[in-house]
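One structure is given here, and the rest of the page talks about it.
Any read-out appearing in this document is the output of simple, stated calculations on the displayed coordinates, not a laboratory observation. Computed from a predicted model, the values in this text were never measured in an experiment. Note that each Cβ is placed from the backbone with ideal geometry, even for glycine, and that neighbours are counted across all protein chains shown.
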Amino acid sequence: MGTGSKKKKTVSWCTTEVSEGTHAFKIVGYSLNKGIGVGTFIRSGTFAVGGHDWAIRLYPDGVTEDSMDYVSVYLELMTENAKAMAFYTLGLVDPVTGGIRCNWSRSSPRLFDSSDSSRFGPRSPLFIPRSDLEMEESGYIVNDRLTVECEVTVTKGPQVSRTIGCSEIGVPPSELSEHFGKLLEEEEDVGRDVVFSVEGESFAAHKLVLAARSPVFKAEFYGEMIERGTFSIDIKDMQPSVFRALLHFIYTDVLPADIGDLEGDDYVEFIRHLLVAADRYAMDRLKLMCQSILGKYVDVKNVATTLALADQHNCDKLKDVCIQYICSLDEVDAMVRTKGYANLKRSCPSVLADLFEKTSKFRAS
C-alpha cells in the first residue's frame, strides 16, 4: 500500500423480517367433545400470519392409543404447497385474567411444509394429561369452556441491502508532542517556573511537566521540605547540548531532529552522553532508545567503551549486544589495543572476566 493511500470501507446489512400473530381457540362445551374418539380432532378457524394460513388442532382423546390419556394440541400450516419458517408457543388461557397461564409447548425456529407431516407442530402428542386439564383445582376449564392460545412468529428470508461506501471523518494524528514542544521552545514565558544553568547556558522549563516524566525531578521539585516557588538549579557534569536534548525528549517523547546532523564518532559519543543523562533522571524509555542506537553502531574501535558504559549504567541489553559482538570476532587484537579496552580492564574487571568466560564458551561451541 502506497504512502498516503486510504483503505476503502464499505458496508451492507442483512436483516430478517418477522410477522407475528396470536390466535385464541375457544372451545365452548368442552365436555361435549370428550369421547369423540382417539385420532379425532376439532380444528380452529384459520388465521393468517406472515402470508400463510394457520389453524389449531385439538384432539380431546389424544392422537394415538399411546396418547389417549392426553389432550393433544397442534399448530397446523393450512396453506397448500407452502413452506414457512416459524416458531410458536401453544398455551392455555387463564379464564379469570385472560393471560397465558401455562405454556405447554414452545418451539425453536423450524420449517413447516404443508406437503408432509412437518406441517404440524409440536412433534409430540403429549400436550397435557387429561386428568391435569380437567382437575377442578387447575382452573383451566371454567363453565365448561377451554381456551387454547397460539402465538406464531413467521420469519421471512434474510434481506441483504446493497453495498454502500462508509462516510468517514478524518482524524489528524495526535498533536500532543508538537504542542508540548512549542511550550518548551516559545520565547514567551508561559508558566515556566524552573531555570537550569548548564555550563553558563540557561534553560527555562515547567516543573510539573518534568515531574510527570521523571521521578528524579518529581522528588527534587515536590519532595518533603521543598520550598515552593521558582527554582534555579545548576546542572553539573553535563553538556548544554545533551541537556537540551533531554528536555526536548521530556516534552515531546522523541529525540531532537538536529542530532541527526552529527556523524560517525561524534554521533555515537553524543548518544552515550544522552544515555548517561537518561539514567541520571530515570528516563527508562530514553535510556532504551540510546541503548538501541549504540547497539547498532558497535564496532571494533568502540565496543569496549560501549561495554564499560553499559556495565556502569546497568544497561543489560546493550551489554549483551557488546559481548555477542566480541565473541563473533575472529581476532580481538585490534580491540585490545583500543583505549576503551584499557579503560574497561581498569574500571570493570568483573565484566572482563565475564567476557572471557563467554568468549571461551562461544569458541568451544
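Table for the structure above
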{"quantity": "Point-charge dipole on Cβ atoms (K/R +1, D/E -1) for the chain, about Cα centre, debye to 20", "calculated": "820 debye"}
{"quantity": "Tail beyond 19 Å, pair distance distribution of segment 167-248 (Cα, percent)", "calculated": "45 percent"}
{"quantity": "Long-range tail of P(r) for the chain (Cα pairs > 25 Å, %)", "calculated": "72 percent"}
{"quantity": "Local electrostatic count, Ala86, Cβ distance below 14 Å [Lys/Arg +1, Asp/Glu -1]", "calculated": "-1"}
{"quantity": "Calculated from backbone phi, Karplus (6.51, -1.76, 1.60) coupling profile of segment 165-176 in Hz, x at Gly/Pro", "calculated": "x, 7, 7, 10, 9, x, 10, x, x, 4, 10, 4"}
{"quantity": "Other-chain or far-sequence residues with amide H under 5 Å of Phe231's (modelled H)", "calculated": "Val194, Val195"}
{"quantity": "About the Cα centre, charge dipole magnitude for segment 15-160 (Lys/Arg +1, Asp/Glu -1 at Cβ), debye", "calculated": "320 debye"}
{"quantity": "Members of Lys207/Lys287; Lys207/Lys296; Lys319/Lys345; Lys182/Lys287; Lys207/Lys319 lying beyond 27 Å, as alpha-carbon distances in this model show", "calculated": "Lys207/Lys296; Lys207/Lys319"}
{"quantity": "Computed FRET value (nearest 0.05) for Thr64 with Lys7, which takes r as the C-beta separation and R₀ as 51 Å", "calculated": "0.20"}
{"quantity": "Phi-based couplings in Hz for segment 85-98 (Karplus 6.51, -1.76, 1.60; Gly and Pro marked x)", "calculated": "8, 8, 9, 8, 9, 10, x, 9, 8, 6, x, 7, 8, x"}
{"quantity": "Phi-based couplings in Hz for segment 22-39 (Karplus 6.51, -1.76, 1.60; Gly and Pro marked x)", "calculated": "10, 10, 9, 9, 9, 9, 8, x, 4, 5, 6, 9, 6, x, 6, x, 4, x"}
{"quantity": "Nitroxide proxy distance, nm - points 7 Å out along Cα→Cβ at Glu201 and Asn343", "calculated": "2.1 nm"}
{"quantity": "Spacing of the two label points (7 Å from each Cα toward its C-beta) at Ser131 and Lys301, in nm", "calculated": "10.5 nm"}
{"quantity": "Calculated [θ] (222 nm, deg cm²/dmol) that DSSP helices of n ≥ 4 give over the chain, each run adding -39,500 (n - 2.57)", "calculated": "-10000 deg cm²/dmol"}
{"quantity": "Percent of Cα-Cα distances greater than 24 Å, calculated over segment 15-160", "calculated": "30 percent"}
{"quantity": "Segment 23-48 and segment 282-323: distance between their alpha carbon centers, rounded to Å", "calculated": "91 Å"}
{"quantity": "Net length gained if the chain between Ser118 and Val38 were fully extended (0.36 nm per residue, minus Cα distance)", "calculated": "26.7 nm"}
{"quantity": "Nonlocal amide H pairs with Met85, under 5 Å, H built at 1.01 Å", "calculated": "Phe112, Thr155"}
{"quantity": "Debye log10 I(q)/I(0) at q = 0.21 Å⁻¹ for segment 260-325, Cα point scatterers", "calculated": "-0.77"}
{"quantity": "Gain on full stretching of the segment that runs from Val96 to Thr155 - 0.36 nm per residue minus C-alpha separation", "calculated": "18.0 nm"}
